[in-house]
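Written out below as structure tokens is the structure these notes cover.
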Amino acid sequence: MVMLGTKSEAERSYLVFDRTRWAALRASTPLSLADADLDTLRGLNETTSLAEVEKIYLPLSRLLNLHVQAARGLAAVQDAFLSRPVMKPPYIIGVAGSVAVGKSTFARVLQAVLSRWPDHPQVELVTTDGFLHPTQVLEVRGLMRRKGFPESYDLRRMISFLGALKAGAAEVLAPVYSHLEYDIIPGKWQSVRQPDIVIFEGLNVLQHPGATAVTASDFFDFSVYVDATEQDIEAWYIERFLLLQQTAFANSASYFHHYARLPVAQAQEVARGIWREVNLANLRENIAPTRRRARLILRKGSDHAVQEVWLRRT
């Protein structure tokens, strides 16, 4: 298990809250989601409940609301100083974490909560899957077994997309990825039109490639790392793999259709092998080392519920 370090070391950089203390920071933030809403937002083996929304998401929503208001105020001050029309670049929230840790569900629920603020902001969710190189390119470069590693992404396109967002472009297009086909869909785009907030979710979004290079996190106003022990994430990955066997993999168009009829024991071994050879290696080499760069760390327990929230002091 990759650790942040001792608690005393972490507390020098972070304020650490258990569920009860964090939940108290909700104040009067209203609960605007229902169980029916969560049914459409949960991942295959995720158990996000309304209690989790109340205790974890609503305090975070309140914090982000304050941050967005402050950022808008600071931007208006700068525009006044420069004697130029007020610009409204989107507030960008980066969400990072391992495969199978639940970051996609977290991002979808956060989007739903934020979009229900009283002023009804436009909140877009963009995933980094769309910025993977197409399968044909990955095959030529021998990177299919490194899919999800930093080198498998079109970083130039990703940086160009984020830069255009922050520059206030009227419309920015993001490529669309098909999990069924395990590839970019040619000619299909997600149109992002001057939103108030963008949630940018992916494995390596907090990556720091070098001292002089521009990286995705340079464009973030806030960042979240969804964390859990390696043992728990492995268990969740295998559980999800078995569920996908019965659902997406059963589709003959699925890239992973050849796994659909494996006996359970063999499917578990295949999933465990993929986890250890690919996803665990990526977690240890590239993802977990970026955890300290997050403004907020959500530490999940074996039941998927967030047990601690770590908020950076400065």
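Here are the numbers for this structure:
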item	result
The stretch 4-140, dipole about Cα centre (Lys/Arg Cβ +1, Asp/Glu Cβ -1), debye to the nearest 20	480
Cα coordinate range in the chain, projected on the principal axes (Å, largest first)	64, 44, 41
Sequence-separation-based contact order of the stretch 115-236, relative, with Cα cut under 8 Å and 6+ spacing, percent	30
Unit charges on C-beta of K, R, D, E only; dipole of the chain, Debye	700
Estimated Rh, the stretch 16-78: Kirkwood, alpha-carbon pairs, angstrom	13.3
Semi-axes of the equivalent ellipsoid for the stretch 179-238, Cα gyration tensor, largest first, Å	24, 21, 14
Extension reserve of the Lys88-Ala75 stretch, reckoned as 0.36 nm per residue once the Cα distance is removed	3.9 nm
Selected from Gln207, Gln122, Gln231 as most flexible by GNM, with the chain as the system and alpha-carbon contacts under 10 Å	Gln231
Range of Cα positions in the stretch 15-161 per principal axis (Å), largest first	54, 49, 31
Selection from Ala250, Gln194, Gln231 lying farthest towards where the dipole of the stretch 186-260 points positive, charges on Cβ	Ala250
Charge-dipole axis of the chain as Lys and Arg at +1 and Asp and Glu at -1 on Cβ define it, positive-most pick from Leu60, Thr40, Tyr182	Leu60
Residue-count net charge about Ser61 - beta-carbon cut-off 10 Å; Lys, Arg +1, Asp, Glu -1	+3
Potential extension, Gln136-Gln190 segment - 0.36 nm per residue separation minus Cα distance	17.3 nm
For the chain, share of DSSP beta bridges that run antiparallel, in % to the nearest 5	45
Lysine pair count for the chain [Cα-Cα under 20 Å; pairs on different chains or 8 or more apart]	6
Local electrostatic count, Val86, Cβ distance below 12 Å [Lys/Arg +1, Asp/Glu -1]	+2
At least 18 Å along the helix axis (C-alpha) and Kyte average at least 0.0, DSSP helices within the chain	58-81
Average projection area in nm² (convex hull over Cα atoms of the stretch 122-237, one quarter of hull surface)	8.8
Residue order, fewest to most surrounding Cβ atoms within 10 angstrom, among Thr105, Thr47	Thr47, Thr105
Max mean-square fluctuation residue, GNM over the chain, Cα-Cα springs under 10 Å, options Leu244, Leu203, Leu60	Leu244
Within a Gaussian network of the chain (alpha carbon springs, distance under 10 Å), most fluctuating of Val95, Val86, Val53	Val86
The stretch 216-314 pair-distance distribution - Cα-Cα, 5 Å bins, rounded %	2, 12, 17, 17, 16, 14, 11, 7, 3, 1, 0
Dimensions in Å of the stretch 118-184 - Rg and Dmax from alpha carbons	14.2, 50
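No value in this document is a laboratory result; all are computed from the given coordinates. Just so we're clear, the structure is a prediction, and the values are computed from it rather than from any experiment. Note that we place each Cβ from the backbone using ideal geometry, even for glycine, and neighbour counts take in every protein chain shown.
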